[in-house]
Amino acid sequence: MDHSRHFYIDGRWVAPAAPRDLDVIDPSTEEVCATISLGDQADTDAAVAAARRAFDGWAATPLPERIAALERILAVYLTRSEDMAQAITAEMGAPLDWSRQQQVTSGDWHFEGFLAAARAMEWDHPLGPQSPGERIFHEPVGVVALITPWNWPMNQIALKVAPALLAGCTMVLKPSEVSPLSALVFAEIVDAAGLPPGVFNLVNGDGPGVGSQLSVHADVDMVSFTGSTRAGRLISKAAADTIKRVSLELGGKGANIIFSDADDRAVKRGAARCFSNSGQSCNAPTRMLVHRDRYDAAVDIAARVAEDTPVIPAHQEGRGIGPVVSEVQFQKIQALIQSGIDEGARLVAGGTGRPGHLNRGYFVRPTVFADVTPDMTIWREEIFGPVLSIIPFDTEDQAIAMANDTEYGLTNYIQTTDKDRLRRVARRLRSGMVESNGRGFSKGSPFGGMKQSGNGREGGVWGLHEFLEVKIVSDWD
């Protein structure tokens, strides 16, 4: 990649103020696949200054022109899909077919959703019939810092860049330093789409460096962050002195409640969903609650799903899960699996160590624990690996109480053919999303959580509003 050691600032590829190289490790091979530069204060300041200079002009650009700009980005994006897939596979270990079919397509899916939302949204309108002379305007927040994670790199970049762009904001993107290659490809896409200089800027860096610098920067009006709850707390504290808006999409510990009348594929579907992307999804259904009369069968089914899930090097085509993203993540997951064993959960599939056919790479065995109790570490902590914990329940109230007994509140899952029960339970679950019977959400639906899973929403009109201020003007008519 020609620009791997450069940043994209003010419409140009520029060298860092002071070289600070960081190797990007291919998690399938444990070998260096690229080298990037980490930014420092001078680079952060240059990017923010470029965004600030561009703001007034971009904010005043008519909405149809902002829509046309995102349409150009989408058109170029589609031509670079294979480049994007190869980058994601190399940097974070998503198997190539998964990168092509899920990781890359999540980007254009969100672009299309935001374009539809922007066209349909009322950007200014009367307050109401009681006050015909008062008018509501939705205006851009300003300069925004976009800090994105490594697990779904283009999904999260699209969920932030597209609404910020349409809202009229200018931006500085700091992707995860673990998975920066896809973001560099995206910057090339933006460059080819011909945005005005300074509207989109990219600076690579780590959290304590560029991430912290953006969070405290006086000329940054908003931080939109996706990542760990721990990092979200730090960003909130860092941003407090400047009273900037902070939007957080953080961790999760999804409960999947399987009632006795659930369809025959509910357990298999839930286990497969837990293991997909090697378990590296904040909305993964990692806690399976099963009605006692189906519990033993569910444990057997989940164990078979784990044993039948291929674990493959990311560059190999075909079905399967790849490695987890890094040695740090690998060691964390191994320690949590061991804690499940030590604390008395029944290991029915997987366990510590790599799969037997792989002798290097950060590969984790798909793992299933049964007879888990709510006080166990594996039940309470976000593992972010292909590890499923199963627990029985006897009553609906008991299942709801266990599902809600967590600091997280991102996504919960319900499996039942009883519509009255589904509606009743969904209303009582404390999460921003409830997915039922394997039916996913539509393009433009709001993504986000409650409690320590964060605040704000991404996607559709809700995602646009995250980057907009509300202004009311009296005596307009």
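Scan the stretch 174-197 and give yes if some residue there is of a type outside the set (K, R) and in a strand (DSSP E or B), otherwise no.
So in the stretch 174-197, the residues of a type outside the set (K, R) come out as 175-197.
Remaining after also requiring in a strand (DSSP E or B): none.
No - not one qualifying residue is present in the stretch 174-197.
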Out of all the residues in the stretch 116-133, is one or more crowded, with 20+ Cβ neighbours inside 10 Å, assigned by TED's automatic domain parsing to the domain that holds T89 and among the aromatic types (F, W, Y)?
-> no
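Do we have L358 as of a type in the set (A, V, I, L, M), within 27 Å of D293 (Cα to Cα) and touching a residue at least 12 places away in the same chain (Cβ under 8 Å) here? Give the steps one after another, and end with the answer.
Details: of a type in the set (A, V, I, L, M): yes; within 27 Å of D293 (Cα to Cα): no; touching a residue at least 12 places away in the same chain (Cβ under 8 Å): yes.
The answer is no for L358.
Closer than 30 Å to D83 by Cα, surrounded by 17 or more Cβ atoms within 10 Å (Cβ to Cβ) and touching a His at 6+ places or on another chain (Cβ under 9 Å): which single residue out of V325, V311 fits that description?
V311
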Just a yes or no: is a residue in the stretch 235-242 in a helix (DSSP H, G or I), in contact (Cβ under 8 Å) with a residue 40 or more places away in the chain and not aromatic (F, W, Y)?
-> yes
Looking at the stretch 25-46, is at least one residue aliphatic (A, V, I, L, M), buried (at least 20 other Cβ atoms within 10 Å of the Cβ), touching a Cys at 6+ places or on another chain (Cβ under 8 Å) and touching a residue at least 40 places away in the same chain (Cβ under 8 Å)?
-> yes
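For the stretch 320-349, name all the residues that are farther than 30 Å from D23 by Cβ, assigned to a loop (DSSP other than H, G, I, E, B) and either among the basic types (K, R) or in contact with a helix residue (DSSP H, G or I) (Cβ under 8 Å, 6 or more places away or on another chain) (or both). Steps first, answer last, please.
Step one: list which residues in the stretch 320-349 are farther than 30 Å from D23 by Cβ, which gives 339-349.
With assigned to a loop (DSSP other than H, G, I, E, B) added as a condition, the list becomes 343-345.
Hits for the stretch 320-349 are E343, A345.
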Starting from the stretch 312-325, take each residue that is among the basic types (K, R) and list its partners that are loosely packed, with under 15 Cβ neighbours inside 10 Å, counting only C-beta distances under 8 angstrom and pairs at least six apart or across chains.
-> R319/P310
Only one of (1) of a type in the set (G, A, S); (2) assigned to a helix (DSSP H, G or I); (3) out of contact with any Phe, Trp or Tyr (no Cβ under 7 Å at 6 or more places or on another chain) does not apply to A94, and that is (2)
Do we have A272 as within 30 Å of V290 (Cα to Cα), in contact (Cβ under 8 Å) with a residue 24 or more places away in the chain and crowded, with 23+ Cβ neighbours inside 10 Å here?
-> no
Scan the stretch 180-198 and report the pairs whose first residue is over 17 Å from L38 (Cα atoms) and whose second residue is of a type in the set (S, T, Y) and in a helix (DSSP H, G or I), with Cβ atoms within less than 8 Å and a gap of 6+ or a chain change.
-> F186/Y77; I189/Y77
Given the structure, is N455 within 18 Å of the chain's Cα centre (by Cα) and surrounded by 15 or more Cβ atoms within 10 Å (Cβ to Cβ)?
-> yes
Looking only at the stretch 243-266, which residues are within 26 Å of G320 (Cβ to Cβ), touching a residue at least 60 places away in the same chain (Cβ under 8 Å) and outside any strand (DSSP E or B)?
-> G251, G252, K253, G254, D263, R265, A266
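Just for strands (runs of 3 or more DSSP E) wholly inside the stretch 9-83: which have at least 2 residues that are over 24 Å from the mean Cα position of the chain (by Cα)? Spell out how you get there, then give the answer.
Working: elements: 12-14, 21-26, 31-37.
Answer list for the stretch 9-83: 12-14, 31-37.
Among the residues in the stretch 465-472, are any within 18 Å of G252 (Cβ to Cβ) and within 25 Å of the chain's Cα centre (by Cα)?
Keep residues of the stretch 465-472 that are within 18 Å of G252 (Cβ to Cβ), which gives none.
The answer is no; no qualifying residue exists.
If you scan the stretch 458-477, which residues turn out to be exposed (fewer than 15 other Cβ atoms within 10 Å of the Cβ) and among the hydrophobic types (A, V, I, L, M, F, W, C)? Write out each step before concluding.
Taking the stretch 458-477 first, the residues exposed (fewer than 15 other Cβ atoms within 10 Å of the Cβ) are 470-475, 477.
Across the stretch 458-477, the qualifying residues are V470, I472, V473.
Any residue that is part of a loop (DSSP other than H, G, I, E, B) and touching an Asp or Glu at 6+ places or on another chain (Cβ under 6 Å) - is there at least one of those in the stretch 302-319?
First, pick out the residues of the stretch 302-319 that are part of a loop (DSSP other than H, G, I, E, B): 309-310, 312-319.
Now restrict to residues that are touching an Asp or Glu at 6+ places or on another chain (Cβ under 6 Å): 317.
Yes; the residues of the stretch 302-319 include at least one that is part of a loop (DSSP other than H, G, I, E, B) and touching an Asp or Glu at 6+ places or on another chain (Cβ under 6 Å).
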Members of the stretch 257-300 found to be out of contact with any Leu (no Cβ under 7 Å at 6 or more places or on another chain) and among the polar types (S, T, N, Q), listed by number = S260, S276, N277, S278, Q280, S281
Do any strands (runs of 3 or more DSSP E) lying entirely in the stretch 361-465 carry at least 2 residues that are touching a helix residue (DSSP H, G or I) at 6+ places or on another chain (Cβ under 7 Å), within 26 Å of N155 (Cβ to Cβ) and not assigned by TED's automatic domain parsing to the domain that holds T229, and which ones are they?
-> 387-393, 411-415, 433-436
Of the conditions (1) within 30 Å of I321 (Cβ to Cβ); (2) of a type in the set (K, R); (3) touching a residue at least 40 places away in the same chain (Cβ under 8 Å), the single one that R135 does not satisfy is (1)
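The values are calculated or read from the model by the stated rules, or taken from the named source; none is laboratory data. Since we're looking at a predicted model, the values are computed, not measured. So basically every Cβ, Gly included, is an ideal-geometry build from the backbone, and we count neighbours across all protein chains shown.
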